[in-house]
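Notes for the one structure printed next.
The values are calculated or read from the model by the stated rules, or taken from the named source; none is laboratory data. These numbers were taken from a predicted model, which means no experiment stands behind them. As a convention, Cβ positions derive from the backbone with ideal geometry for all residues, glycine included, and neighbour counts pool all protein chains shown. With ligands, DNA and RNA removed, areas are computed over all heavy atoms of the protein, side chains included. Shrake-Rupley method; radii C 1.70, N 1.55, O 1.52, S 1.80 Å.
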Amino acid sequence: MKIVYSWLKDFVDIDIPVEELADALTAASLEVASIEKFKIPDGVKVAKILEREKHPGADKLSVCKVDAGGPEPLTIVCGAPNARAGLITALATIGTVLGPDFKISKAKLRGVESFGMLCSQKELGISEDHSGIIELPQDYKVGEALSVYYPEDSVIEIEITPDRGDCLSVLGVAREVAARFGLPLKKTALIPVEKSDDPIENAISVSIEVPSGCPRYMGRLIRGVKVAPSEEWMQRRLIKAGLRPINNIVDVTNYILLHFGQPMHAFDYNCIADKKIRVKKAEKEQVFKTLDNAERKLIGDDLLIWDGSRPVALAGVMGGAGSEITEDTHDVFLECAYFDPVTVRKTSKRLGLSTDSSYRFERGVDPADGLSDSLDTAAELIRKMAGGEVAAGRIDENPGKMVPREIRIRPSRASLVLGHSFSAEQVFSFLDSLGFKCKKESE
């Protein structure tokens, strides 16, 4: 599990050296495997390509006039296929050190002098993408150091043991950090702005035929979205955490997966037959094509998500081909559910299909507040990044009666079991840092 330090700060106000944080996590039984530090090199500036012309002596090179905030435009020879007039990108100026034995200097390329280098994400250490130069938002100030927008950060990779499924998220690790340092845990869930007066119940129905396999299923509907790349801040976080950005809808579901530890799935609402969602088992020897276009032979114990006529997802493991988000998607139905860990584990293992989703469901997710927080936050993020209107209300089929559990704890008994004396105030403080809601009763 890769934890982005700046992302962790969304949940807990901590400002210590990353090495000290790593030691604290290891002491809390979360073994740190590696620390990767990220810093934009000095000398890299936000730049704008003013003109692009074909290089007179090379078919695959371009000659660009670039504004980097100086008194005169710079001439830069570039081989990137996406170089074009009007693009905001990153320029490594002369003298910039991008790596060992990689210092930018004035050069002559096929007879044309070049005064710097336009950079890809890989050359800046942001990701492994080397397909073209980085494309930055249009509101970035030309001539500003790129480090202003990409501040120094670190990524901590943690080895998660099978019994610590609660730490397969930034929130889970933040709980441990908050408790370790006696800091409050901040709530980051968003409340969606419901612009539509038409309740979701009028648009889609959900039925659960196998409550033992799916004790709770929630959903929200967002109409009128525009599928496009997600906002740059979200792409940056996903890349640092090891995921590839896809589009603003899918990226939100992956963001929620890492943020709260809750797997989600987004359906193209207009591909759902009869506007029905049914949770039921597969038919004997049924063949189902998953999102990776592989045909999976199922058995009667496998749990599927069906629409009115066909299966559309392998519950807790992977979505199906035919109802996925595409560029033509305009309405999105968001699934957020709790699937039985044993059911998911058996299906995943038998098919040899392990996903980020199944990995978390197998270890258990929060079936109560975690579902609603994840679903509402996802709906609001999609509304902000893809437009559209969130339908009023949310589907919440809860045959398993999944609600927050109430646990009674006696400080005196805890002290006896642990062999160390704790006051009631200390116990409350520990539990509060871990995100528990506490109330006092007389012993």
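With the structure loaded, tell me whether residue 252 is assigned to a helix (DSSP H, G or I) and under 20 Å from residue 365 (Cβ atoms) or whether it fails that test.
Answer is yes for this residue.
Taking the options 32, 44, name whichever one is under 24 Å from the mean Cα position of the chain (by Cα), under 30 Å from residue 241 (Cβ atoms) and not basic (Lys, Arg). Steps first, please.
Values: 44 fails: under 24 Å from the mean Cα position of the chain (by Cα).
Result of the check over 32, 44: 32.
Going residue by residue through region 199-217, is there one that turns out to be under 30 Å from residue 280 (Cα atoms), open to solvent by 20 Å² or more (accessible area, probe 1.4 Å) and basic (Lys, Arg)?
Yes - at least one qualifying residue is present in region 199-217.
Residues 331, 396, 369: which one is at pLDDT 95 or above and either under 15 Å from the mean Cα position of the chain (by Cα) or open to solvent by 40 Å² or more (accessible area, probe 1.4 Å) (or both)? Explain how you work it out, then say what you get.
On the way: 331 fails: either under 15 Å from the mean Cα position of the chain (by Cα) or open to solvent by 40 Å² or more (accessible area, probe 1.4 Å) (or both); 369 fails: at pLDDT 95 or above.
When all the criteria are applied, what remains is 396.
Which members of region 267-285 meet the condition of being within 18 Å of residue 214 (Cβ to Cβ) and of a type outside the set (Lys, Arg)?
Residues satisfying the conditions are 267, 272, 277, 279, 282, 283.
Would you check which residues across region 273-293 are open to solvent by 30 Å² or more (accessible area, probe 1.4 Å) and either touching a residue at least 40 places away in the same chain (Cβ under 8 Å) or of a type in the set (D, E, K, R) (or both) and list them?
Answer for region 273-293, where residues must be open to solvent by 30 Å² or more (accessible area, probe 1.4 Å) and either touching a residue at least 40 places away in the same chain (Cβ under 8 Å) or of a type in the set (D, E, K, R) (or both): 274, 275, 276, 278, 280, 281, 283, 284, 285, 289, 292.
Which of (1) within 28 Å of residue 260 (Cβ to Cβ); (2) outside any loop (DSSP other than H, G, I, E, B) is the odd one out, the single condition residue 412 does not satisfy?
The failed condition is (1).
So how many residues does region 342-354 have that are hydroxyl-bearing (Ser, Thr, Tyr) and surrounded by fewer than 20 Cβ atoms within 10 Å (Cβ to Cβ)? It would help to see each step written out before you state the result.
Quick first cut of region 342-354, residues hydroxyl-bearing (Ser, Thr, Tyr) only: 343, 347-348, 354.
Those still in the list that are surrounded by fewer than 20 Cβ atoms within 10 Å (Cβ to Cβ) too: 354.
Total meeting the criteria: 1.
Test residue 253 against the criterion of being in contact (Cβ under 8 Å) with a residue 40 or more places away in the chain, closer than 25 Å to residue 128 by Cβ, crowded, with 16+ Cβ neighbours inside 10 Å and hydroxyl-bearing (Ser, Thr, Tyr), and give yes or no.
yes
Could we say that residue 13 is open to solvent by 70 Å² or more (accessible area, probe 1.4 Å) and without any contact (Cβ under 8 Å) to a residue 12 or more places away in the chain here?
On the way: open to solvent by 70 Å² or more (accessible area, probe 1.4 Å): yes; without any contact (Cβ under 8 Å) to a residue 12 or more places away in the chain: no.
Judged against the criteria, residue 13 is not a match.
Would you point out the residue of region 239-249, among those that are at pLDDT 95 or above and outside any loop (DSSP other than H, G, I, E, B), that is farthest from residue 376 (Cα to Cα)?
Top of the filtered list is 248.
Find the residue count for region 150-195, including only residues that are surrounded by 18 or more Cβ atoms within 10 Å (Cβ to Cβ) and among the hydroxyl-bearing types (Ser, Thr, Tyr).
Of the residues in that region, 3 qualify.
Out of everything in region 404-443 that is polar (S, T, N, Q) and farther than 20 Å from residue 365 by Cα, what residue ends up being most open to solvent (accessible area, probe 1.4 Å)?
Restricting attention to region 404-443, the residues satisfying the condition of being polar (S, T, N, Q) are 412, 415, 421, 423, 426, 429, 433, 442.
Now restrict to residues that are farther than 20 Å from residue 365 by Cα: 412, 415, 421, 423, 426, 429, 442.
Details: 412: 68, 415: 20, 421: 94, 423: 47, 426: 80, 429: 58, 442: 111 Å².
Per the criteria, the residue is 442.
Considering 270, 247, which residue is open to solvent by 30 Å² or more (accessible area, probe 1.4 Å) and under 26 Å from the mean Cα position of the chain (by Cα)? Write out each step before concluding.
Values: 247 fails: open to solvent by 30 Å² or more (accessible area, probe 1.4 Å).
Every option except 270 fails the conditions.
Can you say whether residue 374 is more than 25 Å from residue 169 (Cβ to Cβ), hydroxyl-bearing (Ser, Thr, Tyr) and either in contact with a helix residue (DSSP H, G or I) (Cβ under 9 Å, 6 or more places away or on another chain) or open to solvent by 30 Å² or more (accessible area, probe 1.4 Å) (or both), as far as the supplied structure shows?
Working: more than 25 Å from residue 169 (Cβ to Cβ): no; hydroxyl-bearing (Ser, Thr, Tyr): yes; either in contact with a helix residue (DSSP H, G or I) (Cβ under 9 Å, 6 or more places away or on another chain) or open to solvent by 30 Å² or more (accessible area, probe 1.4 Å) (or both): yes.
Judged against the criteria, residue 374 is not a match.
In this structure, is residue 77 open to solvent by less than 20 Å² (accessible area, probe 1.4 Å) and either acidic (Asp, Glu) or within 19 Å of residue 140 (Cα to Cα) (or both)? Step through it out loud before you land on a result.
Working: open to solvent by less than 20 Å² (accessible area, probe 1.4 Å): yes; either acidic (Asp, Glu) or within 19 Å of residue 140 (Cα to Cα) (or both): no.
It is false that residue 77 is open to solvent by less than 20 Å² (accessible area, probe 1.4 Å) and either acidic (Asp, Glu) or within 19 Å of residue 140 (Cα to Cα) (or both).
Let me spell it out: the conditions are (1) within 21 Å of residue 65 (Cα to Cα); (2) at pLDDT below 95, and residue 152 meets all of them except one. Which number is the exception?
Evaluating residue 152 over (1) within 21 Å of residue 65 (Cα to Cα); (2) at pLDDT below 95 leaves (1) as the failure.
Any idea which of 36, 53 is in a strand (DSSP E or B), more than 21 Å from residue 124 (Cβ to Cβ) and acidic (Asp, Glu)? Walk me through how you get there before you give the answer.
Details: 36 fails: more than 21 Å from residue 124 (Cβ to Cβ).
That would be 53, the only listed residue that is in a strand (DSSP E or B), more than 21 Å from residue 124 (Cβ to Cβ) and acidic (Asp, Glu).
Mind telling me which of the residues 47, 28 ends up being farther than 21 Å from residue 103 by Cβ and open to solvent by less than 80 Å² (accessible area, probe 1.4 Å)?
Details: 47 fails: farther than 21 Å from residue 103 by Cβ.
When all the criteria are applied, what remains is 28.
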